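A short write-up of the structure that comes next.
A short reminder: the numbers here are calculations on the coordinates, not readings from a lab. Just so it is clear, the model here is predicted, and its values are computed rather than measured. Cβ placement follows ideal geometry from the backbone for every residue including glycine, while neighbour counts extend to all protein chains displayed.
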Amino acid sequence: MKPSYKNFIFSKTNLDRRNFLKGLGTTGALILTANWNWAQDGAQKFGGHGMPGGIVEDPKAYLKFNTDGSVIFVCARSEMGQGIRSSLALVVADELEADWKQMRVEQATGDQDLYGNQNTDGSRSMRHWYQPMRRCAATARTMLQNAAASHWDVPASEIRPYNHRMVHAKSGQQISYGKLAGMLDSQAIPDSASVKLKDAKDFKFIGKDQTLSVDNMNIVSGKATYGADVRFDNMLYAVVARPPVYGSLMESYDDSEALKVTGVVKVIPIEGTTSPSEFNPLGGVAVVAENTWAAIQGSKALKIKWSSSPNDSYDSDTYRDSLKEASMKPGKVLRNEGNVEEAFASADKKYSASYYLPHFAHAPMEPPVAIVILKDGKLEAWAPSQNPQSARQKAAERAGVAFEDATLNVTLLGGGFGRKSKSDFVVEAAELAKSFPGRAIRVQWTREDDIAHDYLHTVSGEFLEASLDKKGKTTGWLHRTVAPTITALFGPDSGHQAAFEIGMGVVNAPFDVPNIRIENPPIPAHVRIGWFRSVSNIPHAFAAQSFIAELAHQAGMDHQEFYFKLLGKDREINPLDQKDEWNHGEDPTIYTVNTGRIRRTLRRATREAGWGKKLPKGRGMGFAVHYSFVSYVACVLEVEVQDNGNIIVHHATMAVDCGPQINPDRIRSQMEGSCVMGLGLAITGEVSFKEGKAVQSNFHDYQVPRISQAPKSISTHLIDPGDIQELGGVGEPGVPPVAPALCNAIFVATGKRIRQLPIQDQLA
């Protein structure tokens, strides 16, 4: 049985769960620790090769040449709107000297042996895959060159590639890649030392402003295949009623009314998992039907008794008070330089403030969905997964099939933001498929399911205190960050943020302050906490960048002037010197924190925005700048606050230094999307809890940005990388500076300081 679409390839893999967890850098309690080395073979590795599975650079795995002239690039990274399929295809086409019109893209299945690491998160797809895909394409180009040399019986050195063909200048002979395709099987893969990469001056696509895409036309014409677009004859549909409180399990259920709903086929209990739940299903009761509507109505008719949970009393308001209380007390010391107490005691002025951010839901436009067929001991799944290898492994385990007999096909993702790295929805489909051998079954999450049972972005309380001398120089800096940790998913909850969380804008504060202390008091998790676009950078940047603006006001200085004074002289900082032992998994001797790049990025953004210009009454301009995912992004917002509290963002100016710019059009798209998403989170984003249950349920009370909340215009400015060779991330770094820039602008416009998100109802 095959689905009603084409161009999916099928292959086999093996993902070792223990090595996956070890690769996260875990202790015996499975708690993430400070660990540079993701690889477990004893060698110190960074970047893509340091990730579990590393990167496999086999041109035959990624490139297929057809006699009709088309070249198929197999993309091992998931496409969720960030444009990685197009961007990597551009890289391959350029290095291959291919005709873009002849390029095709297929999506790889989950296969670590064939492709290496495929987990698409952390803003590292281009950062980790740019050079490997160039080498892969250059190797294939060399093989084409050698094939042409054999065909003409001339030295390969006399042959040059040009626009999808090989040219022998001396004789004037030319041969297309299509005609060479049949000769490649006889060509050995050349030694990597003999393969030369293209000179940057000869690039046709890389770094050029253009809007080439392999998916856009299919997307806008409705031909693109997302998870919910996969169809089979006689397919069944399932909706799962899950525990309303995290940690609760189903004790008993009455399905008599559900079975009366027309179209309902069967009701099946699903085994649940209490904390630590990792990426396993929460459990509950599935209603399987002939269509989604019947499954939803049958689910509503169920009568279920749920067990009690340790999280039954979880209340957002009470928890917020607990966060603030914890942040006012000393915590685990993460970084300590100089003597903060003496600096505070001798200060001309001392100032402190507390900040709060709620839980955020990922809320992708496409809720989680998965289709599984289980037949004759083999499992085949289709899902919009950011982590197909993990999904394949866990689905195989739940279905009881051998890992090598499982296949995970990756569809386009209708948004992901980190939610679809977790495979619980695929595991649910694998569980239900056991009851219907040979028949496709689709598990469909509703929007209510998506919000109530998400792996939420962490709630956070931040306390900052600083001392100033008579000249406005910051002499002491204390930052306490309190937030439930993602690591509670994997083992006993320590209450403390992990190395990767504190390395997101807290411990690596790049300021020139002689006395600095960073602390992390503990707080327990009461829901599933998961990675979310920009992760802990969001609360940390919101607090620090808002606080700096407040300090500037206290010092009576222009915000930008004060920030540059706080930043100090241009210098490169080794992350290890800041006690940042994560550094996004990158080599700390290569990927340093560069204050000159921070200064340059902010200066570009403020200059382009017209910082300091006179604004009408009720308007204000605010900025924030943040380093994350080894990139630097500044955001300046020009904001009007109306008498009724309504916020109008007249203009947003973004500046980004991500090192070399491979696909400028996609970088601008990511900055624009980050700006809109960041505004939505700041203005209306919140998932709150009463008696352990999520209060919000759909877009009427968990609002994504409306058109009226988006900036009237956004301009994005890309910083010339100069001699910088290292790539930074793009997908996530644009989000963190948006909320503090907005609140700083609101203060200028109204004199009201916002320290708690969401902003809605605080300005009326």
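For the stretch 196-301, applying the loop criterion from DSSP together with a ceiling of 16 other beta carbons within 10 Å to the GluC sites (Glu not before Pro) yields Glu257, Glu271, Glu290. Taking other C-beta atoms within 10 Å as the exposure proxy, Cys635, Cys675, Cys75 rank Cys75, Cys675, Cys635 from fewest upward. Karplus-derived 3J(HN,Hα) values for the stretch 497-511, using 6.51 cos²θ - 1.76 cosθ + 1.60 with θ = phi - 60°, are 5, 7, 4, 6, 6, 6, x, 10, x, 10, 5, 9, 4, x, 8 Hz; glycine and proline are entered as x.
When only alpha carbons of the stretch 17-220 are considered, Rg and Dmax amount to 18.9, 69 Å.
At full extension, Ala345 and Lys303 could sit 8.9 nm farther apart than now, given 0.36 nm per residue minus the alpha carbon distance.
Here the chain is treated with +1 on each Lys and Arg Cβ and -1 on each Asp and Glu Cβ, and its dipole about the Cα centre works out to around 1220 debye. Sparsely packed loop sites in the stretch 103-199 (the trypsin sites (Lys or Arg not before Pro) outside DSSP H, G, I, E and B with at most 11 other Cβ atoms within 10 Å) comprise Lys170, Lys196.
A straight Cα-to-Cα reach below 22 Å connects Lys329 with the lysines Lys349, Lys350, Lys579, residues fewer than 8 places away in its own chain not being considered. Under 5 Å from the amide H of Asp99 lie the amide H atoms of His164, each residue being 5 or more positions distant or on a separate chain, with H modelled from the backbone and absent for Pro and chain starts. Counting other Cβ atoms within 10 Å as a rough exposure proxy, the listed residues Tyr62, Tyr455 run Tyr455, Tyr62 from fewest neighbours to most. Per-residue 3J(HN,Hα) values for the stretch 284-300, derived from phi via the Karplus relation 6.51 cos²θ - 1.76 cosθ + 1.60 with θ = phi - 60°, read x, 10, 9, 9, 9, 9, 7, 7, 5, 4, 4, 5, 5, 5, x, 5, 5 Hz in sequence order (x marks Gly and Pro). The DSSP beta bridges internal to the chain are antiparallel in roughly 75% of cases.
Within 10 Å of each candidate Cβ there may be at most 16 other Cβ atoms; applying that plus a DSSP loop requirement, which GluC sites (Glu not before Pro) in the stretch 658-692 survive?
Working: sites: Glu672, Glu686, Glu691; in loops: Glu686, Glu691.
Filter output for the stretch 658-692: Glu691.
Using a simple spin-label model with pseudo-atoms 7 Å out from Cα toward Cβ, Ala156 and Ala764 lie 7.2 nm apart.
Pairs exceeding a 26 Å alpha-carbon distance, out of Lys223/Lys434; Lys303/Lys693; Lys101/Lys198: Lys223/Lys434. Using the reciprocal of the averaged 1/r over all distinct C-alpha pairs, how large is the Kirkwood radius of the stretch 439-543 in Å? Over the stretch 439-543, the inverse of the mean reciprocal pair distance is 15.7 Å. Helical content alone sets the calculated 222 nm signal of the chain at -8000 deg cm²/dmol, taking -39,500 (n - 2.57) per DSSP H segment of four or more residues and averaging over every residue.
Kirkwood analysis of the chain, using all unique Cα-Cα pairs, places the hydrodynamic radius at 27.4 Å.
Restricting to Cα atoms and excluding each atom paired with itself, what does the Kirkwood estimate give for the stretch 655-764 in Å? Kindly include the intermediate steps, with their values, before the conclusion.
Working: mean 1/r = 0.0629 Å⁻¹.
Evaluated on the stretch 655-764, it is 15.9 Å.
Converting phi to 3J(HN,Hα) with the Karplus coefficients 6.51, -1.76 and 1.60 and the offset θ = phi - 60°, the stretch 537-545 yields 4, 5, x, 5, 5, 4, 5, 5, 6 Hz in sequence order, with x at every glycine or proline. Amide H to amide H distances under 5 Å link Val506 with no residue, where only residues 5 or more positions off or on other chains count and H is placed in the peptide plane.
Close amide H contacts of Glu106 (hydrogens built in the peptide plane, cut-off under 5 Å, sequence separation of 5 or more or a different chain): Phe73, Val74, Cys75.
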